[in-house]
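The values are calculated or read from the model by the stated rules, or taken from the named source; none is laboratory data. Everything numeric in this text was worked out from a predicted model, so none of it was measured. Positions of Cβ are backbone-derived with ideal geometry, glycine not excepted, and every protein chain shown enters the neighbour counts.
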Amino acid sequence: MGKRILILNGHPDATRKGLCGALADAYAEGAVSGGHTVERLDIGTLQFDLLRSQSEFENGTAPPDIAAAQEAIRRAEHLVVVFPLWLGDMPALLKGFFEQTLRPGFAFAYRPSGFPLKHLGGRSARIVVTMGMPAFVYRWYFRAHAVKNLKRNILGFVGYGPVRDTIVGGVATAKPAAMARHFDTMRALGRAAG
């Protein structure tokens, strides 16, 4: 039986498809061919403000687009997050999306002592990051900071595991054959819901 997959295109530009959108499409195509159910959210099309206080984070009402995203997250057994590396991290709008959606009460619950109770356990995730630099430079020299942060401090914090990653580097100078391999990889990962 197939998995329920949610694909988040974390590129904030809603006016053009771009590489992140195309990689998300390839993953979705593979997932559907593998018998999985796919939902998709494009962060750039959602309407929400950035949070500005702890009180708003803990007690504020989620805007309609965020409430709908929370329901999609709740339904999904596997989450795929695709985003471009901007200034060494995820775009601010994607970070703002996670702050809005992964609030206390929905994604976790505080406890009197110890770590919070994780509400999104039993789900896996795949992080796909695009960048201009070669992937090995990002992993070796920069230690893949943005990937580690999303993996451990955001998704892992609320219960996702395992969380795997795919880094698509050198995109500015990549030859068509190299890009074709990336799309083939995305389709294969989609078929396997991996």
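On the given criteria, is Ala76 small (Gly, Ala, Ser), under 20 Å from Ile7 (Cα atoms), touching a His at 6+ places or on another chain (Cβ under 6 Å) and in contact (Cβ under 8 Å) with a residue 60 or more places away in the chain?
no
Would you be able to say whether some residue in segment 40-55 is part of a helix (DSSP H, G or I), β-branched (Val, Ile, Thr) and within 21 Å of Val163 (Cα to Cα)? For segment 40-55, residues part of a helix (DSSP H, G or I), β-branched (Val, Ile, Thr) and within 21 Å of Val163 (Cα to Cα): present. Of all residues in segment 18-48, those satisfying the criterion of being without any contact (Cβ under 8 Å) to a residue 40 or more places away in the chain and among the acidic types (Asp, Glu) are Asp25, Glu39, Asp42. With respect to the conditions (1) assigned to a helix (DSSP H, G or I); (2) of a type outside the set (Val, Ile, Thr); (3) more than 14 Å from the chain's Cα centre (by Cα); (4) modelled with pLDDT of 95 or more, Tyr138 falls short on a single one, namely (4).
In segment 56-67, of all residues being in a helix (DSSP H, G or I), touching a residue at least 24 places away in the same chain (Cβ under 8 Å) and not aliphatic (A, V, I, L, M), the one that is surrounded by the fewest Cβ atoms within 10 Å (Cβ to Cβ) corresponds to Glu58.
Looking only at segment 101-124, residues that are under 26 Å from Gly194 (Cα atoms) and polar (S, T, N, Q) come to 2 in all. When Gly159, Gly170 are checked against the criterion of being at positive phi and touching a Pro at 6+ places or on another chain (Cβ under 7 Å), Gly170 stands alone in meeting it. Remark: pairs (first residue in segment 166-194, touching a residue at least 12 places away in the same chain (Cβ under 8 Å); second residue of a type in the set (D, E, K, R) and surrounded by 12 or more Cβ atoms within 10 Å (Cβ to Cβ); Cβ separation under 7 Å; 6+ apart in sequence or on different chains) = Thr166/Arg126; Ile167/Arg139; Arg187/Glu29; Leu189/Arg126; Gly190/Glu29; Ala193/Lys3; Gly194/Arg126; Gly194/Arg164.
Is it true that some residue in segment 163-174 is surrounded by fewer than 19 Cβ atoms within 10 Å (Cβ to Cβ), at pLDDT 95 or above and either over 14 Å from the mean Cα position of the chain (by Cα) or not in a strand (DSSP E or B) (or both)? Among the residues of segment 163-174, not one is surrounded by fewer than 19 Cβ atoms within 10 Å (Cβ to Cβ), at pLDDT 95 or above and either over 14 Å from the mean Cα position of the chain (by Cα) or not in a strand (DSSP E or B) (or both), which makes the answer no. Restricting segment 141-162 to residues that are of a type in the set (A, V, I, L, M, F, W, C) and in a loop (DSSP other than H, G, I, E, B), the residue that is farthest from Phe106 (Cα to Cα) is Phe142. Taken as a whole, the structure leaves Tyr160 outside the set of residues that are crowded, with 19+ Cβ neighbours inside 10 Å, over 18 Å from Leu79 (Cβ atoms), out of contact with any helix residue (DSSP H, G or I) (no Cβ under 8 Å at 6 or more places or on another chain) and not β-branched (Val, Ile, Thr). The sole residue among Thr101, Thr130, Thr61 that is out of contact with any Ser or Thr (no Cβ under 7 Å at 6 or more places or on another chain), among the polar types (S, T, N, Q) and under 27 Å from Ala178 (Cβ atoms) is Thr130. Restricting attention to segment 33-55, the residues that are surrounded by fewer than 17 Cβ atoms within 10 Å (Cβ to Cβ), of a type in the set (A, V, I, L, M, F, W, C) and touching a strand residue (DSSP E or B) at 6+ places or on another chain (Cβ under 8 Å) add up to 0. Restricted to segment 94-117, and to residues there that are surrounded by 13 or more Cβ atoms within 10 Å (Cβ to Cβ) and of a type outside the set (A, V, I, L, M, F, W, C), the residue that is farthest from the chain's Cα centre (by Cα) is Pro116.
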